[in-house]
Amino acid sequence: MKQVDRCKMKLISFTVNGTDVKVEISASDRLIDVLRDKLRLTGTKEGCGIGECGACTVIMNGVPVNSCLVPAFQAEGSVIETVEGLEQSGKLHPLQEAFVDHAAIQCGFCTPGMLMSALALLRENPHPTREEIARAISGNLCRCTGYHQIIEAIEDASMRMDPTE
Amino acid sequence: MTLGFIRPKTVGELLEVLAEYKDGSKIVAGATDLLVQQRNSKQVEGKPLYLVDITGIPELAYINVESGVVRIGAATTHRDIARSTVIQDVAPFLADACLTVGSPQIRARGTIGGNIINASPAADSLPPLAALSAQVRLVSKRGSRDIAICDFFKGPYKTVIEPGELLQEVFFKVPKNPGNCSFLKIGRREAVAISRLSVAVLLDVDESGKITEAAIAPGSCLPMPARIVRAEETLTGKVPDEETVEAAANEVGEEMVRVSGVRWSTPYKKPVICALTRRAIWKALGVDVD
């Protein structure tokens, strides 16, 4: 049988916001460390570091995850999306526009994670109910807004992104 | 302390690695417990470890039903179990329990194998698995063994798994009346809440409305998963009425105090686990109660 690699450090490749990247990681690096410190994608925030607050939420292979709880070595070969991927050619994503218009941002620390949870929801369910929105962002804490503006913004964004219904 | 990581691609490779490193290795799947423990520095003083990642082994993530037996691979996520139409059909209370784990982000990574191995008394998947009389399959280079879920634990956060062994899957028989089950949980809030108390109920009811079999397994009130036989016997053979259900529910509170003793939380937990069990029994019978 072929020997399985034992790695202390390893060069891994994955996709971030549509771009292939290669990064050297160690066994104790987390995905958020790679994103923020090695790739300088500092839009993703670290709040609690234990998966309670959701500020570090990114989309991994189509699913929102806490990047503070993903060992970097598990990212090999994966497709990662961060808040930096939302804006396209200088134009904000409809979700970002709706967050601005509804004052769904105060301190802004939770916003990148909120946006990624919301984006994952709207891709799967283009016209969610308020209850479904609340569930989708139940892993994201906001200590400023009281959530109402955020839920309204996501509801509005769903109309902006898919006005057919 | 982490020495490095190893990512086997097959169960065969994995078992080789486990046989070589034994207790110098630690299996990691969703990492949602491991990275929190590492942050809390619990691992720092311990023996240096190789992390053995099993998320690159597709053959460990599956849900299937064959000859009336449901098998769930250890690396299957809570998200996949909660969303599985198979589990929603054959054991809806297990889907419900997996849906109450953490948050969407945690459910997307955390696995049922990890929930079992971590052996928290508050683990959400364990009460339904105990009620289903589930078994776990442990495999190593030497062979495999099956253990009833309630015998798998030695105490809080302790199991009988040996170095070199892999928890490959958890399996259980399709219940006779999958509709007659329920899982209720109380946390400090609705989302991202560790269970304060929970209970799983699975009943078999005949045409006359008589309960022919009952399984009641509470969570967060015993050191490890267990069925409450006295409560089950109180229901068995009866057509449920308020008095019987109340009596069965009270047995769960009594058992909690017998096993776990009187604690600072008992004045709260005892009446609440009784009320929660009463509601769960009625819910399993399809009756809405407050």
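The values are calculated or read from the model by the stated rules, or taken from the named source; none is laboratory data. The structure presented is a predicted model; accordingly, all values stated were derived computationally and were not measured. Methodologically, a virtual Cβ is constructed for each residue, glycine included, from the backbone with ideal geometry; neighbour enumeration extends over all protein chains shown. Ligands, DNA and RNA are excluded from the accessible area calculation, which covers all protein heavy atoms including side chains. Shrake-Rupley method; radii C 1.70, N 1.55, O 1.52, S 1.80 Å.
Brief remarks follow.
- With N as its number of residues, the range B:181-284 has a Cα radius of gyration that, divided by 2.2 N^0.38 Å, comes to 1.04.
- Translational D in µm²/s for chain A (Stokes-Einstein at 20 °C, 1.002 mPa s, Kirkwood Rh from C-alpha pairs): 130
- For the range B:58-173, average projected area of the Cα convex hull in nm²: 6.9
- Taking the helices alone, the protein assembly as shown has a mean residue ellipticity at 222 nm of -9000 deg cm²/dmol, built from -39,500 (n - 2.57) per DSSP H run of at least 4 residues and averaged over all its residues.
- The angle between the Cα long axis of helix A:148-161 and the longest principal axis of the Cα atoms of chain A comes to about 90 degrees, rounded to the nearest 10.
- For the segment A:65-78, counting C-beta atoms of other chains within 10 Å of every residue's C-beta and taking the mean gives 6.
- Helix A:111-124 and the longest principal axis of the Cα set of chain A meet at an angle near 80°.
- Take the Cα radius of gyration of the range A:94-161 and divide it by 2.2 N^0.38 Å, N being the number of residues; the result is 0.94.
- A simple spin-label model places the labels of residue A:48 and residue B:39 0.8 nm from each other, with each point 7 Å out along Cα-to-Cβ.
- Placing dummy labels 7 Å off each Cα toward the beta-carbon, the span from residue A:129 to residue A:160 is 2.5 nm.
- Whole-Å distance, taken between Cα centres, linking the range A:14-30 and the range B:102-121: 25
- Probing with 1.4 Å while keeping every protein chain in the model, the per residue accessible area of chain B equals 44 Å².
- Gain in span if fully extended, residue B:11 to residue B:137, counting 0.36 nm per residue against the direct Cα distance: 44.0 nm
- Label point distance in nm, residue B:272-residue B:243, each placed 7 Å from Cα along Cα→Cβ: 3.1
- Summary value for chain A: 22 percent relative contact order, contacts being C-alpha pairs under 8 angstrom separated by 6+ residues.
- Listed by chain and number, the lysines placed with their C-alpha closer than 28 angstrom to that of residue B:158 are B:9, B:22, B:26, B:42, B:47, B:141, B:173, B:185, B:269, B:270; residues fewer than eight positions away on the same chain are left out.
- Debye-sum result for the protein assembly as shown in log10 I(q)/I(0), which assumes one identical scatterer on each alpha carbon, at q = 0.07, 0.11, 0.12 Å⁻¹: -0.38, -0.93, -1.07
- Here the dipole of the range B:37-173 is about 340 debye; that uses its Cα centre as origin and unit charges on the Cβ of Lys and Arg (positive) and Asp and Glu (negative).
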